[in-house]
1. Could you give me the residue pairs with C-beta distances under 7 Å whose first residue belongs to segment 39-55 and is among the aliphatic types (A, V, I, L, M), whose second residue is part of a loop (DSSP other than H, G, I, E, B) wherever it lies, and which are 6+ apart or on separate chains?
2. Which of the residues spanning segment 65-98 are more than 18 Å from residue 120 (Cα to Cα), at pLDDT 95 or above and not in a strand (DSSP E or B)?
3. When the residues of segment 40-63 are narrowed to those that are part of a strand (DSSP E or B) and out of contact with any Phe, Trp or Tyr (no Cβ under 7 Å at 6 or more places or on another chain), which ends up surrounded by the most Cβ atoms within 10 Å (Cβ to Cβ)?
4. What residue, of 92, 12, is surrounded by 14 or more Cβ atoms within 10 Å (Cβ to Cβ), touching a Leu at 6+ places or on another chain (Cβ under 6 Å) and among the β-branched types (Val, Ile, Thr)?
5. If I go through segment 99-124 residue by residue, how many of them are of a type outside the set (S, T, N, Q) and assigned to a loop (DSSP other than H, G, I, E, B)?
6. Identify, from the list 100, 89, 61, the residue that is touching a Lys or Arg at 6+ places or on another chain (Cβ under 9 Å), of a type in the set (Asp, Glu) and over 17 Å from residue 2 (Cβ atoms).
7. Somewhere in segment 1-9, is a residue closer than 13 Å to residue 113 by Cβ, open to solvent by 60 Å² or more (accessible area, probe 1.4 Å) and modelled with pLDDT under 95?
Amino acid sequence: QVQLVESGGGLVQAGDSLRLSCAGSGRTFSRDAMAWFRQAPGKEREFVGISWSTLRANFADSVKGRFTISRDSTKSTVYLQMNSLKPEDSAVYYCASARDLRTPISEKSGWDYWGQGTQVTVSS
């Protein structure tokens with residue numbers, strides 16, 4: 001059974017940093033793209049960043065320069081380092097994985113597996 005489990009969320013102040021983790025299990029993720037999405041109350045789930053199997057990364061414009069993505073040596077755990085957090089970054093953060101992504105990165109239907117999410121709240 002494939003599982004993605006996020007952790008590391010919490011309540012922080014604006015300007016603080018936070019690191020989220022997403023641990024994958026149940027299969028080998030070395031060939032998967034792994035990504036982070038987020039969903040704020042009343043809003044659509046939106047793309048945040050992606051780590052390709054090559055370890056190349058791309059980010060949404062809203063977080064570019066503030067967030068980075070990394071993976072462990074087995075590539076089964078993906079981290080989202082969030083710096084200079086803003087209140088508008090508050091959301092439930094989800095990780096996702098895809099072995100063969102054939103849709104645009106931001107298209108949620110293209111991702112094979114999703115985690116249960118972890119809450120990030122940034123106070124002003």
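The values are calculated or read from the model by the stated rules, or taken from the named source; none is laboratory data. Small disclaimer: the values here were computed from a predicted structure and weren't measured. Don't worry about glycine lacking a Cβ; one is built from the backbone with ideal geometry, like all the others, and counts go over all protein chains shown. Accessible surface is based on the protein model in full, side chains and every heavy atom, while ligands, DNA and RNA are left aside. Shrake-Rupley method; radii C 1.70, N 1.55, O 1.52, S 1.80 Å.
1. So the pair list comes out as 40/90; 48/60; 48/63; 50/105.
2. 65
3. 51
4. None of the other options fit; the residue is 12.
5. 11
6. Criteria check complete, one pass: 89.
7. Checked against the condition, which is being closer than 13 Å to residue 113 by Cβ, open to solvent by 60 Å² or more (accessible area, probe 1.4 Å) and modelled with pLDDT under 95, segment 1-9 yields at least one hit.
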